[in-house]
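What follows is one structure encoded as structure tokens, with my remarks underneath.
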Amino acid sequence: MEDLTQHFVELVRRAATDLPSDVENAIREARNREDPGTPATAVLDTILENVELARKQSTPICQDTGTPIFYVYYPAGWSTIVLRKQIRDAVAIATEKAYLRPNAVDSLTGRNSGNNLGDDFPSIHFHEWAEDYLKVDLLLKGGGCENVGAQYKLPDARFKAGRDLDGVRKVVLDAVLDAQGKGCAPGILGVAIGGDRGSGYIRSKEQLFRPLGQRSQKPELAALEERIYEEANQLGIGPMGLGGNTTVLDVQLDALHRLPASFFLSVSYMCWAHRRGTLTYRDGEINLTIPISEEEIRALRVGDTVSLSGVMLTARDAAHKYMVESFIRSHQVPPTEREMYERLKADLDGGVIYHCGPVVKKENGTWRFVAAGPTTSIREEVYEPEVIEHFNVKAVIGKGGMGPNTLKACQAFGAVYLQAVGGAASLIANAVVEVLDVYKMEFGVPEAFWKIRVENFPAIVTMDSHGRSLHDDVLAKSSEVFKRLIGG
Ligand code: SF4
């Protein structure tokens with residue numbers, strides 16, 4: 001079994017320093033719903049500024065990095081003893097590197113262990129599953145929001161709450177009212193109906209791994225999630241409890257079987273700093289989450305198989321020409337293009353460019369990638385080195401490889417070129433799980449910048465940051481054979 005300790009360290013770093021895009025988007029939408037000039041907008045502006053700064057500096061989003069809670073889904077044959085040790089080692093290293101604050105306190109002596117290791121600390125839950133790969137989910141659960149979690153026994157006469165979904169609704173709203181701003185609202189509610197006192201809280205925390213906005217597959221629970229979300233926000237508690245239109249960012253429910261005599265309702269409250277991350281690992285495959293750090297890029301070598309998840313931009317001829325001529329060589333951003341420039345800077349910092357002219361379809365107002373294979377990359381050789389340097393791009397995906405100037409830029413600025421499989425357009429389109437935006441549609445569909453979220457996008461490192469190009473190696477070898485064959 002491979003040593004995954006460094007991958008776990010990276011998972012912790014990402015979770016602690018970079019908010020997932022669904023959470024950040026929900027905060028941005030909340031900001032737009034608040035009235036201008038109110039404490040709510042001031043709070044949300046500060047939160048968003050803080051999130052951007054933490055990402056840029058790779059520093060913790062909040063000083064309380066909480067309890068690291070790991071859910072490990074492993075295939076048959078993996079050793080949980082080895083995985084537990086690697087995860088614990090990674091947590092100690094991440095604490096040493098100041099990605100985590102030392103938070104593990106001995107309940108008897110009051111002493112802090114100093115390295116986030118203790119009895120059942122970090123919290124690790126193992127589940128064997130039928131898949132052939134490892135998946136590790138991590139949640140960093142802060143103390144302030146953990147303290148405002150609540151468990152109820154139904155019926156509860158205080159609220160005329162019976163043993164039914166309306167009773168559930170009433171006590172969840174009570175939990176939100178009681179929390180006020182103490183859990184750093186706006187919060188996210190993970191709720192479990194039923195179970196026992198222990199299993200209910202565990203299931204309620206598991207809900208916090210669902211993407212925001214994803215509704216329960218059980219229709220009655222999906223409807224209740226919507227209703228509680230609407231009503232909790234009518235309470236007007238607002239960001240940090242200072243009043244406003246957004247008290248919760250989402251509500252996610254699940255139900256467990258229970259004893260006839262018991263009806264527990266468990267609420268886990270998560271603050272706006274909803275730090276979670278996922279690592280997936282298949283033997284021999286390296287998983288990268290965008291944005292990618294230079295450290296991760298420098299660890300890659302020609303021939304490595306990678307799987308990318310996160311948000312990337314497509315860009316080909318017109319888009320590269322535009323970036324270089326409008327922003328890099330012009331030395332001055334035209335005022336009309338300032339907003340576009342800021343967007344590109346944010347999307348490409350630590351990001352990925354995909355040389356692709358996709359086939360897209362609009363269905364019910366939403367874009368969907370239908371075919372999305374790579375285009376020939378060498379056309380961008382005249383632009384790519386400058387783009388990599390200026391925007392801090394960490395990976396370029398395409399086909400056929402690139403030239404010596406891009407290879408030099410990969411060495412100098414810590415980037416790689418990744419080969420996607422040409423023609424595998426449908427397979428790759430399936431890895432595009434969401435089209436988030438499109439910029440410069442006036443360039444035409446194939447040439448516009450498409451901002452897409454991908455999951456497990458497959459590619460191979462063919463030019464690395466150590467000066468090696470598989471394309472050059474193959475060309476040199478095949479040229480030698482060619483010479484031999486023609487008797488040169
Ligand atoms: S509740 Fe969350 S945001 Fe507030 S201090 Fe704790 S971890 Fe930080």
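The values are calculated or read from the model by the stated rules, or taken from the named source; none is laboratory data. As the structure is a prediction and not an experimental result, all values here were calculated from the model. Backbone-built Cβ (ideal geometry, glycine too); neighbour counts: all protein chains shown.
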Among the residues listed as Pro60, Pro36, the single one being over 19 Å from the mean Cα position of the chain (by Cα) and either closer than 21 Å to Leu249 by Cα or not in a strand (DSSP E or B) (or both): Pro36
Selection from the range 439-460 of residues surrounded by fewer than 17 Cβ atoms within 10 Å (Cβ to Cβ), more than 13 Å from Leu308 (Cα to Cα) and either outside the structural domain of Met312 (by TED's automatic domain parsing) or aliphatic (A, V, I, L, M) (or both) yields Met441, Val445
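Yes/no matrix, rows are residues, columns are (1) touching a strand residue (DSSP E or B) at 6+ places or on another chain (Cβ under 9 Å); (2) among the hydrophobic types (A, V, I, L, M, F, W, C); (3) assigned by TED's automatic domain parsing to the domain that holds Arg338:
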site	(1), (2), (3)
Met402	yes, yes, yes
Val435	yes, yes, yes
His466	no, no, yes
Ile486	no, yes, no
Please find, among Leu53, Leu44, Leu19, the residue that is within 16 Å of the ligand (Cβ to nearest atom), modelled with pLDDT under 95 and over 20 Å from Glu296 (Cβ atoms). Leu53
Could you tell me whether Gly398 is part of a loop (DSSP other than H, G, I, E, B) and under 22 Å from Val311 (Cα atoms)? no
Restricting to the range 62-92, count the residues that are within 16 Å of the ligand (Cβ to nearest atom) and either among the acidic types (Asp, Glu) or within 13 Å of Asp137 (Cα to Cα) (or both). 3
Tally the residues that are crowded, with 17+ Cβ neighbours inside 10 Å and not aromatic (Phe, Trp, Tyr), restricting the search to the range 151-162. 3
Residue ID - nearest to the chain's Cα centre (by Cα), chosen from residues in the range 461-479 that are under 12 Å from Leu300 (Cα atoms) and surrounded by 15 or more Cβ atoms within 10 Å (Cβ to Cβ): Val461
Yes or no: Ala185 assigned to a helix (DSSP H, G or I) and under 27 Å from Thr278 (Cα atoms)? no
Examine the range 405-416 for a residue that is touching a strand residue (DSSP E or B) at 6+ places or on another chain (Cβ under 8 Å) and outside any helix (DSSP H, G or I), and state whether such a residue exists. yes
Answer yes or no as to whether Ile228 is within 16 Å of the ligand (Cβ to nearest atom), surrounded by 17 or more Cβ atoms within 10 Å (Cβ to Cβ) and more than 18 Å from Asn25 (Cβ to Cβ). no
Out of Lys135, Lys141, Lys97, sole residue that is within 30 Å of Arg282 (Cα to Cα), within 26 Å of the chain's Cα centre (by Cα) and within 16 Å of the ligand (Cβ to nearest atom): Lys141
By residue number, the members of the range 64-115 that are touching a strand residue (DSSP E or B) at 6+ places or on another chain (Cβ under 7 Å), touching a residue at least 60 places away in the same chain (Cβ under 8 Å) and among the β-branched types (Val, Ile, Thr) are Thr65, Thr67, Ile69, Val72, Ile87, Val91
Any idea which residue in the range 93-130 is surrounded by the fewest Cβ atoms within 10 Å (Cβ to Cβ), counting only those that are within 16 Å of Leu11 (Cα to Cα) and of a type in the set (A, V, I, L, M)? Ala98
In the range 188-230, residues that are of a type in the set (Asp, Glu) and either in contact with an Asp or Glu (Cβ under 6 Å, 6 or more places away or on another chain) or outside any helix (DSSP H, G or I) (or both) total 1
The correct count of residues that are among the hydrophobic types (A, V, I, L, M, F, W, C), more than 15 Å from Asp349 (Cα to Cα) and touching a strand residue (DSSP E or B) at 6+ places or on another chain (Cβ under 6 Å) in the range 289-309 is 4
